[in-house]
1. Looking at this structure, is Tyr322 on the phi < 0 side of the Ramachandran plot, part of a helix (DSSP H, G or I), crowded, with 17+ Cβ neighbours inside 10 Å and over 24 Å from the mean Cα position of the chain (by Cα)?
2. Within the group Thr180, Thr123, Thr165, which residue is surrounded by 18 or more Cβ atoms within 10 Å (Cβ to Cβ), in the same structural domain as Asn277 (by the TED database), of a type outside the set (A, V, I, L, M, F, W, C) and out of contact with any Leu (no Cβ under 9 Å at 6 or more places or on another chain)?
3. For the structure I just gave you, tell me whether Lys60 is open to solvent by 90 Å² or more (accessible area, probe 1.4 Å), under 28 Å from Lys167 (Cβ atoms) and touching a strand residue (DSSP E or B) at 6+ places or on another chain (Cβ under 9 Å).
4. Report yes if some residue within segment 434-442 is assigned to a strand (DSSP E or B), open to solvent by 90 Å² or more (accessible area, probe 1.4 Å) and more than 30 Å from Leu7 (Cβ to Cβ); otherwise report no.
5. For Tyr285, all conditions in the list (1) under 14 Å from the mean Cα position of the chain (by Cα); (2) surrounded by fewer than 15 Cβ atoms within 10 Å (Cβ to Cβ); (3) within 18 Å of Glu237 (Cα to Cα) hold save one; what is the number of the exception?
6. Anything in segment 381-428 that is charged (D, E, K, R) and either over 26 Å from Ser104 (Cα atoms) or open to solvent by less than 40 Å² (accessible area, probe 1.4 Å) (or both)? List them, or say none.
7. From (1) among the small types (Gly, Ala, Ser); (2) surrounded by 15 or more Cβ atoms within 10 Å (Cβ to Cβ); (3) within 30 Å of Glu207 (Cβ to Cβ), pick out the condition that doesn't hold for Ser77.
8. Would you mention how many residues in segment 405-428 are over 22 Å from Arg199 (Cβ atoms) and in contact with a strand residue (DSSP E or B) (Cβ under 9 Å, 6 or more places away or on another chain)?
Amino acid sequence: FCIFFPLALATVFLEFWKRRRAVIAYDWDLIDWEEEEEEIRPQFEAKYSKKERMNPISGKPEPYQAFADKCSRLIVSASGIFFMICVVIAAVFGIVIYRVVTVSTFAAFKWALIRNNSQVATTGTAVCINFCIIMLLNVLYEKVALFLTNLEQPRTESEWENSFTLKMFLFQFVNLNSSTFYIAFFLGRFTGHPGAYLRLINRWRLEECHPSGCLIDLCMQMGIIMVLKQTWNNFMELGYPLIQNWWTRRKLRQEYGTQGRTSFPQWEKDYNLQPMNAYGLFDEYLEMILQFGFTTIFVAAFPLAPLLALLNNIIEIRLDAYKFVTQWRRPLASRAKDIGIWYGILEGIGILSVITNAFVIAVTSDFIPRLVYAYKYGPCAGQGEAGQKCMVGYVNASLSVFLVSDFENRSEPTSNGSEFSGSPLKYCRYRDYRDPPHSPVPYGYTLQFWHVLAARLAFIIVFEHLVFCIKHLISYLIPDLPKDLRDRMRREKYLIQEMMYEAELERLQKERKERKKNGKSYHNEWP
């Protein structure tokens, strides 16, 4: 499944999109269309009008930005991007502290339902709080991205749009996926072990994964955020313009009355609708790109993500149609032969999805520990097979032994376990690969731990190279132009050459007849 989806979405989808783009560009006569030399932005011209140089294409003087000035502005902009990413990481750290503090609070709660499901309750509330932080930071990021882009002083409008798009994508992507990356690759990895737990401010134990594994926490995180974000986006896209238009109609009724409002011409009714977003289709593209990342990067942990994206897009097609036709003013069309920088971002997400899915399988799931046990430590060790019978004893092999008397004072259990076994418990088990307490190095890592670690690293390397090889093979096998489109283009080129040849031949024959009529003749003429 993890091999199929990065290949299906990140490769096949993009390759077939290139074919579809070529068909659309041909139908709109944009195959050979090149954007004309763009006009310089007025802001750039006003800033650097004192220093000019000759344009190598037009040969005319134009404002010039010095290399040192451009580099300094780019460094300041990159520093601003880094600072905002640090703000996101700080927000994630705040969520981590909340989870650490809350899980112990819920574990001591009076209600048995919450006490018995303290980890699930902690994860659910943390995800909801994280979603609220994401939506608040998104408002801040738009203003910061606009400020940093203007600070860079791009020369043309296309350069400004590409710079702004890249910043907004980086901010939103890191904001949306930082907590997901934390749960997938860091949660429960640095908690220590019984008797030597790592604690926050020497008080709260760091949170561990659910007993069934970290994939449950990751699945909850992705499911809740994806559903809430898609619901919120659909409301803001349609509900907000509906409310604004209703308020406008209400003010017009109060000012002109019902009869006066109905007598407005159509163009004035259209003018009273909401104007289109100042950034055009930017929000629509950004929403789709972020959704594409959600459905490919961690698809191993949340297989329902593609289905939810499909259902959302089916609904959103109709919502967008209704919004464009009835709630917004008519947008201004402009020529474009492709989707610009968004295609490069999609390819980057495709590469990232291969890497993250490899890490999810190797690090987050139990796939590799099970294989290592089946081939190395299980009943079938050395036999070269790994069936269901080969997994007998796996759970016992994945648990380590801990001496109860080695507990820290603050971690001592409230009961000695005599109510379960009739006598006080001397040992307990925990999930890790560590030596028993009476070994020469108590609670040190076992040889099985290092075998599992080496197998994980080997799997990541093999998986990535295999998927990337198949990815490039598919890209090579799928042509960028459909065969019928290529034939149409060649036919069109042939007809143009034929017309040019016939026109030239007709011109030469006409000149020859005129020369003969005037009594002039030349030897060795071209017929």
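The values are calculated or read from the model by the stated rules, or taken from the named source; none is laboratory data. As the structure is a computational prediction, the values presented were derived from the model and not from experiment. When we count neighbours, we look across all protein chains shown, and the Cβ atoms used for this are built from the backbone with ideal geometry, even at glycine. Quick note on the areas: whole protein, heavy atoms, side chains included, nothing else; ligands and nucleic acids left out. Shrake-Rupley method; radii C 1.70, N 1.55, O 1.52, S 1.80 Å.
1. Details: on the phi < 0 side of the Ramachandran plot: yes; part of a helix (DSSP H, G or I): yes; crowded, with 17+ Cβ neighbours inside 10 Å: no; over 24 Å from the mean Cα position of the chain (by Cα): yes.
The answer is no for Tyr322.
2. Values: Thr180 fails: out of contact with any Leu (no Cβ under 9 Å at 6 or more places or on another chain); Thr165 fails: out of contact with any Leu (no Cβ under 9 Å at 6 or more places or on another chain).
One residue alone meets the criteria, Thr123.
3. Numbers: open to solvent by 90 Å² or more (accessible area, probe 1.4 Å): yes; under 28 Å from Lys167 (Cβ atoms): no; touching a strand residue (DSSP E or B) at 6+ places or on another chain (Cβ under 9 Å): yes.
Against the criterion (open to solvent by 90 Å² or more (accessible area, probe 1.4 Å), under 28 Å from Lys167 (Cβ atoms) and touching a strand residue (DSSP E or B) at 6+ places or on another chain (Cβ under 9 Å)), Lys60 does not qualify.
4. Let us first name the residues in segment 434-442 that are assigned to a strand (DSSP E or B), namely 434.
Among the residues that remain, those that are also open to solvent by 90 Å² or more (accessible area, probe 1.4 Å) are: none.
Scanning segment 434-442, I find no residue that is assigned to a strand (DSSP E or B), open to solvent by 90 Å² or more (accessible area, probe 1.4 Å) and more than 30 Å from Leu7 (Cβ to Cβ), so the answer is no.
5. Against the list (1) under 14 Å from the mean Cα position of the chain (by Cα); (2) surrounded by fewer than 15 Cβ atoms within 10 Å (Cβ to Cβ); (3) within 18 Å of Glu237 (Cα to Cα), Tyr285 comes up short only on (2).
6. We begin by selecting, within segment 381-428, every residue charged (D, E, K, R); these are 385, 389, 406, 408, 410, 412, 419, 426.
Across segment 381-428, the qualifying residues are Glu385, Lys389.
7. (3)
8. Restricting attention to segment 405-428, the residues satisfying the condition of being over 22 Å from Arg199 (Cβ atoms) are 415-427.
Imposing the further condition that a residue be in contact with a strand residue (DSSP E or B) (Cβ under 9 Å, 6 or more places away or on another chain) reduces the set to 417, 426-427.
Qualifying residue count, segment 405-428: 3.
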